[in-house]
Amino acid sequence: MYIYRITTTGFFTKRNWKSMKSFDHKEIERKWQKKWQNERTYEVSDDTHKKKCYVLDMFPYPSGEGLHVGHPKGYIATDVYARYMTMQGMNVLHPMGWDAFGLPAENYALKNKVHPAVAVKKNIARFKEQLEKIGFNYDWKREINTTDPAFYKWTQWIFIQLFKKGLAYESYEPINWCPSCKTGLANEDLDGNVCERCGTVVEKKPMRQWVLRITAYADRLLQDLDALPWSDSVKEMQRNWIGRSEGALLRFPVVNTEDVVEVFTTRPDTLFGATYMVLAPEHVLVSKHMPRIGNADEVQTYIQTTSKKTDIERTTAGKEKTGVLLEGLVVRNPANNKELPVYISDYVLAGYGAGAIMAVPAHDERDYAFAKKYNLPIEQVVIPYADDTNNPPQEGYKEVKRETVIVFLKNKETGMYALLDWHGTLEGITTGIMGGVEEGQTPEDAVYAEIEEEVALKGISITKKLRWITAARYCASHKKENRLALSHVFLAEVDTCKNQGEIPDEEKAKHTLTWVTEQEVLEKLTPDHQKQIWRLLQEEEALPGEGVLMNSGKFSGLSSEEAKKKITELVGGELTINYRLQDWVFSRQRYWGEPIPVVHCDSCGVVPVREEDLPVLLPDVESYEPTGTGESPLASIEDWVHTECPKCGGKAKRETNTMPQWAGSSWYHLRYIDPKNDTALVDKNKEAYWSPVDVYVGGMEHATRHLIYARFWHKFLYDIGAVTTSEPYQKLYTVGLILAQDGRKMSKRWGNVINPDDVVSKMGADALRIYEMFMGPFGQAIAWSTDHMVGARRFLERVNGLQEKIDFAGEGNNILLHQTIKKVDEDIASFDFNTAISQLMILVNDMEKRATVQREEYKILVTILAPFAPHLTEELWEKLGHKHSIHKEVWPTYDEKIIQEAVATIAVQVNGKVRGSFTALPTTGEVELKELAKQVVTVKPHLEGREIVREIVVLGKIVNFVTQEKNT
RNA sequence: GCCCGGGUGGUGAAAUUGGUAGACACGCAAGACUUAAAAUUUUGUAGCCGUGAGGCUGUGCGGGUUCGAUUCCCGCCCCGGGCACCA
């Protein structure tokens, strides 16, 4: 018999089946896959006496292309984990199914001129065949398919429950329309402003659609994230997506009308600094007041220009601001009754907040840029302050306010700037020239006085005064008080330093004057606050930070935090929370989706289909091409559309929009628990037993779509009592991509796809599994390497070859064996498969070096390898004389005491450098370790002639001698 | 711009309550077996110096803390991902 094997050059050669090491993977796989099926090895019971473990993969979308080698990576991981958990005595549910509604399947069907239902059936068969070759332990009796009416009956049922609770509603707001896919899309389906599916730039199109009120769950979706044991990155992505921001709704009356403009702001504390207002061009008040606007033509033109722009053109940060004044429209600032001009500009988005802003140019970058361009007043109302990091304010000291000046003085002759190096308690600190503003002095007076005093220079001129007053808090420890220094900041010049007088000793004791170049200033300045001031002097920017209020009437002096509440209260606004998350656009104007189960009745309006009439079947039709009119192709199927109203029995029309691809996947995890139930979505007892999913595995690309939608639906089902947990998935692991050998994504387009079928046929399913788990950390993207894969196959051959050495009383290495059981056990549990395998390799390498191998030890090796290599281990297990499947075997236990017996290698350091090592029992005491360490041959020379001043011992690890030269 | 990851040999990587950096695997080099090749196997493999024993350097860069830093702190650079005129 011959088998084929891969060589280092990638060619496959025939090899004589002589060596005991090699094995015929094809035969073994065929034999056991058949046997597992016949003996129903992987069927799951609802035996509630056992502890359960629900392990779930994100189910695949069966595309026409079939699987590539990257797809099964996550499935292999869950398979390993599920087998491991089964061996731990758990009742494990590890199901698989198909997510088959939606655009990709429909587009594939259109392209290949087959009915989507036919295409899907064929693709599923192909996927299933590919998966089965890899030897997964799915219980196929629980297979589900989102396009199966028995499944989508319940998707529709959930929609009706949402509708009844007011969480599904019709809307006519403009939504994202993909002209190529001919359907409306949710925000989540966009990649920037481009259809995530086909790459076409989307348009805003007003149309009737169904929307789910996911925003009602925004806060819970956000808050419950904290307790989820998910990776920070996924949680952070969801937080960003939900985008909660706390602020206030404020109302600005429109002068000479009854109208008010509502604005949302996160900074109500800056209300006194609002110097104009900006509306989104689409704002309702713009069209409403068009007759009274003086420059209506100009305004209309601007609105039109804006509407033609794509969202990307409109919303790229840092773009030059544009806008138009609405002549004749004036609003009143409710805080100080000042009248403010109103602009429209595309930097204000209609869809966020109230679609209008109060512009505070002093404290907002964007408003600042706009105000600069259109010459609008800029008024500082907040003094942001920073705590001095070198000398921070102390708890418990009283705070004293001081008005100060900070000057950066330039010598025109040399171009150098004067800085002060401080002494005494401020040693190490370097600042600009600073001092207090005395009673009756203007800040400018103080500048002249201070420079004369501290630097003894006359004839200086002020060249710039910073627009802003800044502040820093620090501790004046000699006075036992904290100071809040409000600073006026200046740039000043002096022609020459030739006439510098004598600096008084008193000042010299406090600080030394140093001159530095312009480039050096930023390096030399130590307080962050002064660095910031210096930067502001170079380039003036808005001051976005919070701080102490000024120029704000009776609120001046308050902190931003207090002022937010009080100012909002004063003007009758309310503190609110705003989300970036928008309601979920749930209609698709396409054929291949779940029909939305409602009818439109002339007398009753929108009426949900009676639950006993579910499912509303997707009609079987010849032509299902999208219309592009905003109507679904279902609209033209007359005898399907016309129906009776479930309420009054009168004439009604069916809703013709279908659900998006994400509907089925938002709850499918529940259906595996009870896949055949016709009277309920899931049996209550079964749900209570199996929920939640304990371990969920899938790609990072679902972090903000599927994973948010599914959490939303699950929470809703929890609220109506349909499920018992408020979160669907406990532990979540994201699988890292397998890239092609060229480092790019695997894709037909690049011609770099590796098909698992080929790999399985040439190297075996077990080798594929081992390799994919051994590649690197599970969550990391790594390029496929056929070269590296050889190692996985060789490893299995070595395991197989060890049979020759089995002997009942053969050689053993009990310590290593127990270390291995422990490591593999813990690493599988934490999804660190790569290190689990490397430990198995260490054990196998050790066994290979022996003349014989103890039978019991080999048995344990095969057992703990079984989750990774189910076929070969099953074969070896049988050869060892076992009648039951190895996959029903109990996981071996390890003995911590035996592991403790391992001798430790103690490193010996001299002054932190390793100079040698010796072995000792881990129980060896400190005194003995020191003595042994001193005797190490390579260590001795380093101790000779030197005095040991300190000895550090870490038991079982290290001895470190700190030495110095002997005093003579 | 903001937020999350990450940066270790020729390659994939391992090690973090601070304790011998590079386990394991691939590749490579030399040897054994062979007429030869493949397969298998033995040895070596971070860099530099040295015949060797050994020495010096080394975990993106620069500082710091420590007897000791891949690991902790401060300041940067680069790569990947998310969000982004979000008020």
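If you take the beta carbon distance between A:Thr852 and A:Asn677 as r and set R0 to 56 Å, what does 1/(1 + (r/R0)^6) give as a FRET efficiency, to the nearest 0.05? Each step should come with its number before you reach the end.
Values: r = 56 Å, r/R0 = 1.00.
Once rounded, the FRET efficiency stands at 0.50.
Once you have the Cα-Cα distance between A:Glu804 and A:His49, take 0.36 nm times their residue separation minus that, and quote the gain in nm to one decimal.
Difference between extended and current length: 267.6 nm.
First measure r as the distance between the Cβ atoms of A:Glu438 and A:Ser556, then evaluate 1/(1 + (r/R0)^6) with R0 = 25 Å and state the FRET efficiency to the nearest 0.05.
On the way: r = 22 Å, r/R0 = 0.87.
E(calc), rounded to 0.05, equals 0.70.
Near A:Lys464, which lysines are there with a Cα under 25 Å away, not counting those fewer than 8 places off in the same chain?
Within the straight-line cut-off, A:Lys464 pairs with A:Lys372, A:Lys373, A:Lys401, A:Lys410, A:Lys412, A:Lys498, A:Lys524, A:Lys531.
Between A:Lys464 and A:Glu39, what FRET efficiency follows from the Cβ-Cβ distance if R0 is 60 Å, with the result rounded to 0.05?
According to the calculation, E is roughly 0.10.
Could you list which residues have their amide H under 5 Å from that of A:Glu594, counting only those 5 or more apart in sequence or on another chain, with H placed in the peptide plane?
A:Met659
If you put +1 on each Lys and Arg Cβ and -1 on each Asp and Glu Cβ, how big is the dipole of segment A:133-285 around its Cα centre, in Debye rounded to 20?
600
Suppose we look only past 24 Å in the calculated P(r) of segment A:221-338. What percent of the Cα-Cα pairs does that tail hold? Intermediate values should be presented prior to the final figure.
Working: 3319 of 6903 pairs.
Tail of P(r) above 24 Å: 48 percent of Cα pairs.
Please list 3J(HN,Hα) in residue order for segment A:712-721, calculated via the Karplus relation 6.51 cos²θ - 1.76 cosθ + 1.60 where θ = phi - 60°; whole Hz, with x for glycine and proline.
The phi angles translate into 4, 4, 5, 5, 5, 4, 5, 5, 8, x Hz.
Going through the cross-link list A:Lys26/A:Lys883; A:Lys128/A:Lys748; A:Lys204/A:Lys338, which pairs have a Cα-Cα distance over 30 Å in this structure?
From the list (A:Lys26/A:Lys883; A:Lys128/A:Lys748; A:Lys204/A:Lys338), the Cα-Cα distance tops 30 Å for A:Lys204/A:Lys338.
What's the center-to-center distance, using Cα atoms, between segment A:532-601 and segment A:741-780 in Å?
Cα centres, segment A:532-601 to segment A:741-780: 47 Å.
Along segment A:188-199, what does the Karplus equation 6.51 cos²θ - 1.76 cosθ + 1.60 (θ = phi - 60°) give for ³J(HN,Hα), rounded to whole Hz, x for Gly and Pro?
Using θ = phi - 60°, the values come out as 5, 8, 9, 10, x, 10, 10, 4, 4, 6, 10, x Hz.
Place the peptides A:446-455, A:848-857 in order of packing, highest mean first, counting for every residue the other Cβ atoms within 10 Å and averaging per peptide.
Highest to lowest by the protection proxy: A:446-455, A:848-857.
If N is the number of residues in segment A:498-565, what value comes out of its Cα radius of gyration divided by 2.2 N^0.38 Å?
1.70
Pairs of Cα atoms under 8 Å, at least six residues apart: use those to get the relative contact order of segment A:626-767, whole percent.
16
Just add up the charged neighbours of A:Leu536: K/R +1, D/E -1, any other residue whose Cβ is under 11 Å from the Cβ of A:Leu536. Mind dumping the intermediate values first?
Working: positive: A:Lys464, A:Arg467, A:Lys531, A:Arg535; negative: A:Glu539, A:Glu540, A:Glu541.
Result for the local shell: +1.
Determine ³J(HN,Hα), in whole Hz, for all residues of segment A:870-885 in sequence, where each value follows from phi through the Karplus function 6.51 cos²θ - 1.76 cosθ + 1.60 and θ = phi - 60°; x replaces Gly and Pro.
Computed from phi, the couplings for segment A:870-885 are x, 6, 4, 5, 4, 5, 5, 4, 5, 5, 6, x, 8, 9, 8, 5 Hz.
Pairs to check: A:Lys822/A:Lys897; A:Lys50/A:Lys133; A:Lys31/A:Lys888; A:Lys398/A:Lys508; A:Lys34/A:Lys823. Give those whose C-alpha atoms are more than 24 Å from each other in this structure.
A:Lys50/A:Lys133; A:Lys398/A:Lys508; A:Lys34/A:Lys823
Order these peptides, A:222-234, A:186-198, by their mean beta-carbon neighbour count within 10 angstrom, highest first. Show your work: numbers first, answer last.
Values: A:222-234: 13.6, A:186-198: 16.8.
Packing order, densest peptide first, comes out as A:186-198, A:222-234.
Mind checking the full-extension length gain between A:His478 and A:Val890? Use 0.36 nm per residue of separation minus the Cα-Cα distance, one decimal, nm.
On the way: separation 412, 0.36 × 412 = 148.32 nm, distance 7.19 nm.
Residue separation times 0.36 nm, minus the Cα-Cα distance, leaves 141.1 nm.
What shape does segment A:815-964 have by the C-alpha gyration tensor, where a ≥ b ≥ c are the square roots of the eigenvalues, rounded means a/c under 1.5, and otherwise prolate means a/b greater than b/c and oblate the rest?
Judged from the Cα gyration tensor, segment A:815-964 comes out prolate (a/c at least 1.5, a/b above b/c).
When the helices in chain A are scored as -39500 (n - 2.57) per DSSP H run of 4 or longer and the sum is shared across all residues, what 222 nm value do you end up with, to the nearest 500 deg cm²/dmol?
-9500 deg cm²/dmol
Ranking request for peptides A:467-479, A:90-102: highest mean number of other beta-carbon atoms within 10 Å first, then the rest in descending order.
Numbers: A:467-479: 18.3, A:90-102: 24.1.
Averaged packing, sorted descending, gives the order A:90-102, A:467-479.
Distance between the C-alpha centers of segment A:815-849 and segment A:603-650? Whole Å please.
Answer, in whole Å: 59.
In debye to the nearest 20, how big a dipole does chain A give about its Cα centre with +1 on each Lys and Arg Cβ and -1 on each Asp and Glu Cβ?
3100
For A:Ser761 and A:Arg30, compute 0.36 nm times the residue count separating them, minus their Cα-Cα distance, and round to one decimal in nm.
Full-extension gain reported as 262.0 nm.
If amide hydrogens are placed 1.01 Å from N in the peptide plane, which non-local residues have theirs closer than 5 Å to the one on A:Thr576?
Answer set, sorted by chain and number: A:Gly247, A:Ala248, A:Leu249.
Out of the DSSP beta bridges found with both residues in chain A, what percent are antiparallel (nearest 5)?
Rounded to the nearest five, the antiparallel share is 70 percent.
Between the DSSP loop rule and a limit of at most 16 other Cβ atoms within 10 Å, which GluC sites (Glu not before Pro) in segment A:479-511 are left? Walk me through the intermediate numbers first.
Working: sites: A:Glu481, A:Glu493, A:Glu502, A:Glu506, A:Glu507; in loops: A:Glu502.
Answer by residue number: A:Glu502.
Quick check on the exposure proxy: order A:Lys715, A:Lys565 from fewest to most C-beta atoms within 10 angstrom.
With the fewest neighbours first, A:Lys715, A:Lys565 line up as A:Lys565, A:Lys715.
For chain A, what does the alpha-carbon gyration tensor say about shape, rounded, prolate or oblate, given a ≥ b ≥ c as the root eigenvalues, a/c under 1.5 as rounded, and a/b over b/c as prolate?
In terms of gyration-tensor shape, oblate.
Rule-based calculations on the coordinates, nothing more; no lab input. This is a predicted model, so every value here is computed, not measured. Every residue, glycine among them, receives a Cβ derived from its backbone with ideal geometry; neighbour counts consider all protein chains shown.
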